[in-house]
Each structure stands twice: as structure tokens, then as C-alpha cells.
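Peer 1: I'd like to ask you about the structure that follows.
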Amino acid sequence: MAKKVDIIVVGGGPGGYVAAIRAAQLGAQVALVHNDDLGGTCLNRGCIPSKALIHCAAQIQNARAAKAVGITFGAPQIDFDKVRAHARRTVDQMAKGIANLLKSNKIAATGGRGRLTGPNEVTVEADGEVKGILEAPHIIWATGSLPACPPMPCDNGDSVITSDDGVALPGPPQELAIIGGGALGSEFAYIYSQMGTQVHLFEMMDRIVPTEEPEISQILASELSKLGVRVHTSCKCSCISDCKGGKRVEYECEDTTEAIDVDMVMLAAGRCPNIEDMGLEEVGIETDKFGIIVNEALQTNVESVYAIGDCIRGIGLAHQASCEGTCAAEITLRVRDRRCDLAIPAAMYTHPEIASVGLREYEAKETGRLVKVGRFDFSALGKAAATRSRIGFVKVIVDAKSDRVIGASIIGDSAADLISLLAVAVQNRMSALDVAETCHAHPTLFEAVGEAALDALGRAIHIPPK
């Protein structure tokens, strides 16, 4: 007999567990089905362990750079077992925290694979056997994403891995080819370049991080190159084959075919929705190449089923999944209207960091929209000079008619933190004047946000008049 609850959430990642907790806060009886990996890809194989490794990489870089301010260390000695243990310890700590949150909110969490077996029914399977059947008037599907493989040999193993495997390498290879120059590939290029690996970063577009502003791509490519990363753009990798001691990567660049031999290849060409073999088609859930199709209220074509996060778009933004989880729980329990309209920031933890929200300048101009652009370089900030973090800038995009902030891009230290203020501005339809007249503590990097807004208004204080 099926166990009846108010809401079933399938998927224990940052979308699913947040949806479950919010629904429980609103008084619902909730069942959460997770595949024995609370926290999902983000916590176990993505955001958190990779940021733990980035922290270690930054310590190595800082030790090497300290000589410039009169502090000399010996050459960094890297104990990769301890580096990896730090990442694992961080993951375990956060996973225990999520388990405690579920328990304290009285959420029934079940390990296993959820299969949709009816518009109101989920069957939980483990090791090929049925562990139980759940029934509810509402189901929230949050099964996340998987690494996307480029159209070429994609067999995983000791020498060809995906970004999911990248946080658990047994040790840094001598030479590594990373296929994909977006956020994932660029972050891992930074990590392993600091661990002593010769990194080749391949991107088929004409610039790395191609969704960001062209000048941001240029700065990041330059900074990675300074760290020893060999950046290959406008290059399409066509074949991975065995060679003595590793792998040979063939790539097409400017009508010629070239090849390099490396110890290991990482496939980091993005993410794709994790929706296969889950019973969705049998129940009639509509999907396309991007994932499950939902309306503005995150509802599928089957009225009782909602979907959130990567399984509806596969782009790998954990914070978007969490916000959508809250929205979906509130919509199903009728404490929110039927829209989920969010300004979603994007962040890349490269060196320097990159972040954006709303429209980039090139996107706004492509639509024919009249905009005003304000920019402030970190090189003009006292805090940036004192901390030797002068690379980068803040750019604010303002609608020329309404003076409303409609987007922003940042490259530089703490960009992922700084973008939050501008996400608030975009989300709440604030004007450039609202941002400009907010008083920021001095000396901080946040001052660049206010100065960029002033520049959009033609009132910048700390840069010469245009």
C-alpha cells in the first residue's frame, strides 16, 4: 500500500532539499526521495568540493606571490592527500548538516531512485528492488543534471574523466587537457595549474567563458596564461585515442588538424538534464533537448507535477535551483502567486572571479535597447591596491529611459560576493541612483559597485570625466 503525504520531492540536491524544507515549514507532510547523495552534485561532486580545491590553489598562489610584498616562503610543498581530504571533510560536514535539517523539519527522507509511476505516485527503487511507493497530490521533480559529453569518444576511466570526477583525482597529472572553456573547465584549469600540472584548455568558440562580456573573456584568458595554462580557442576537439602512457587529443584549429599527448583528459563541456529512465515519458511529462518543460509557475503539463533546477535546463546553478525549490513549494501550497520571476546571478570561481546578473552589455545592445553603461576599474580602488587585487572591473547596465539597473558584470577578486548587491538591484527594479547613493564602507571592493553606478549617471568621483 502506498504511503500518502502532502508533497513528494524527488531529488536531494540544492533544489530538492530546499523545496522539502520550505514545504515542511508551511505545514505540509513531506517525503524526500534522494539517491543516497544528499546535497546532490553541487555538494558531493561540484560546487563545494571544487571550491575547497580552489581555496587550496589560492593558498599556493598567494604563497608564491607574497615575495612581491616582502614576505618570502620556500617553494610550496603540496600534500595532495591532505588537499583531497580537506575537500572530502568539507562535503561530509555539509551533508551531515542537511540530514540534520531534514530530521529537525520532520521530513521523511528515503535513499533510492525515484520513478514516476503515476501523476500522483512515485515508486522508490534501490538495487533493482522496490523499497516503497509514495502518493501525494503534488510532486516536485528535482533530479539535477549530469556531465555533458561532447560529440566524440566519451568513455570514462582512469585517463578520460568528467568534471564530476575532477574533484577526486588521485593526484595531479603532469599534463592535462580540459575540453570545454566555460565555467567548469576554467575553474579546473586554475586548480590544476596551481597543483603543478601543465594544463591545456580547449574551447571551440573564439573565446573562453563565451557567455560573458568579451573583455571579461580576454582578461581571464590573459590571467590563466600567466599561470601557465595554454588556452586554445576556436579549436574543436575531434578525437581522443590511446597513446603511450596516456591519451592523444586531436583538434581542428584554423582548417588544420593538430594533436597533443597528455596524461589525462577532462570533459568539461557543461551539463545536461538528468531525466532519463525515470518514468516521465510514461506518465506523459513533456520534455525537450533542454529538459523538462515547465510554465512560469514551474508546473509541467501534468498538473500535479512541478520541476525545478537543472532537470529543466541543465545549466548547473545551484542557487537557482534553491530559489525555484522555495517557489515551487509555495506555489503548490498556495501561499505564492503563480509566477517565479527571479534575477539569477551567475558566478565563476576562476582567478580572477567572474560574476554577472541580468543582461550583459552585448545582450542589451543586441536587442536594440538603449542603455547607459557605467564602469569602474578595481585599479582605482584603495582596497584593491592594498591587497594587490587590481585586476578587473564592475560594469553596470542601466536602461536609458527608466534609469533602472537591468544588468551587471564583474571580474575581479570577490566578484561572486559583489554581484549580490546588483542582483538585489535587478530583482527589485532599483534605479542607478538607488545603487549610487548607497553608502559603502571604505576601504572595500564594494565601493566599485557604487562608483560604476555613478559612472552610468555621469557622476563618477574617482575616475576622470569622459
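The values are calculated or read from the model by the stated rules, or taken from the named source; none is laboratory data. Treat the numbers as computed from the prediction; the structure is a model and nothing was measured. Glycine gets a Cβ as well: all are built from the backbone with ideal geometry, and neighbour counts include every protein chain shown.
Peer 1: Those residues that are at pLDDT below 95 and among the β-branched types (Val, Ile, Thr), I need them from the stretch 212-248; list them, please.
Peer 2: ILE240 - this is the single residue of the stretch 212-248 that is at pLDDT below 95 and among the β-branched types (Val, Ile, Thr).
Peer 1: If you don't mind, another one. I want to confirm something. Restricting to the stretch 285-320 and keeping residues that are in contact (Cβ under 8 Å) with a residue 40 or more places away in the chain and more than 25 Å from the chain's Cα centre (by Cα), which single residue is surrounded by the most Cβ atoms within 10 Å (Cβ to Cβ)?
Peer 2: Out of the qualifying residues, it is VAL305.
Peer 1: Looking at the stretch 387-438 only, could you name the residues that are among the β-branched types (Val, Ile, Thr) and under 13 Å from GLY358 (Cβ atoms)?
Peer 2: Within the stretch 387-438, VAL396, ILE397, VAL398, VAL405, ILE406, ILE410, ILE419, VAL424, VAL426, VAL435 qualify.
Peer 1: Which of the residues spanning the stretch 365-405 are surrounded by fewer than 21 Cβ atoms within 10 Å (Cβ to Cβ), touching a strand residue (DSSP E or B) at 6+ places or on another chain (Cβ under 9 Å) and either hydrophobic (A, V, I, L, M, F, W, C) or under 16 Å from GLU213 (Cα atoms) (or both)?
Peer 2: Within the stretch 365-405, the first condition is being surrounded by fewer than 21 Cβ atoms within 10 Å (Cβ to Cβ), and the residues that meet it are 365-373, 375, 377, 379-380, 382-383, 385-391, 399-404.
Now drop any that are not touching a strand residue (DSSP E or B) at 6+ places or on another chain (Cβ under 9 Å), which leaves 365, 369-373, 375, 377, 379, 390-391, 399-400, 402-404.
Result: LYS365, LEU370, VAL371, LYS372, VAL373, ARG375, ASP377, ILE391, ALA400.
Peer 1: Can I ask one more? How many of the residues in the stretch 430-441 are within 17 Å of GLY412 (Cβ to Cβ) and touching a residue at least 60 places away in the same chain (Cβ under 8 Å)?
Peer 2: As a first pass, look at the stretch 430-441 and keep what is within 17 Å of GLY412 (Cβ to Cβ): 440.
In the following step, the residues that additionally are touching a residue at least 60 places away in the same chain (Cβ under 8 Å) were identified as none.
Within the stretch 430-441, residues that are within 17 Å of GLY412 (Cβ to Cβ) and touching a residue at least 60 places away in the same chain (Cβ under 8 Å) number 0.
Peer 1: Counting only residues that are of a type in the set (A, V, I, L, M, F, W, C) and over 18 Å from ASP37 (Cβ atoms), which one in the stretch 83-124 is farthest from the chain's Cα centre (by Cα)?
Peer 2: Out of the qualifying residues, it is LEU116.
Peer 1: Turning to a different aspect of this structure: Filter the stretch 194-221 for residues that are surrounded by fewer than 20 Cβ atoms within 10 Å (Cβ to Cβ) and more than 22 Å from the chain's Cα centre (by Cα); which is nearest to ARG64 (Cα to Cα)?
Peer 2: Top of the filtered list is GLY196.
Peer 1: Just for strands (runs of 3 or more DSSP E) wholly inside the stretch 245-354: which have at least 2 residues that are under 24 Å from ARG115 (Cβ atoms) and not basic (Lys, Arg)? I'd like the intermediate steps shown before the answer.
Peer 2: Working: elements: 246-253, 256-262, 264-267, 271-273, 305-307, 346-348.
Per the criteria, 271-273, 305-307.
Peer 1: Being among the small types (Gly, Ala, Ser), at pLDDT 95 or above and outside any helix (DSSP H, G or I) narrows it down to one residue among GLY450, GLY374; which is it? Give the derivation first.
Peer 2: On the way: GLY450 fails: outside any helix (DSSP H, G or I).
Sole residue among the options that is among the small types (Gly, Ala, Ser), at pLDDT 95 or above and outside any helix (DSSP H, G or I): GLY374.
Peer 1: Could you check how many residues of the stretch 1-45 are assigned to a loop (DSSP other than H, G, I, E, B) and of a type outside the set (Lys, Arg)?
Peer 2: The qualifying residues number 18.
Peer 1: Which residues, taken from the stretch 214-231, are touching a residue at least 40 places away in the same chain (Cβ under 8 Å) and either within 25 Å of MET195 (Cα to Cα) or outside the structural domain of TYR190 (by TED's automatic domain parsing) (or both)?
Peer 2: Across the stretch 214-231, the qualifying residues are ILE216, ILE219, LEU220, GLU223, LEU224, LEU227, VAL229, VAL231.
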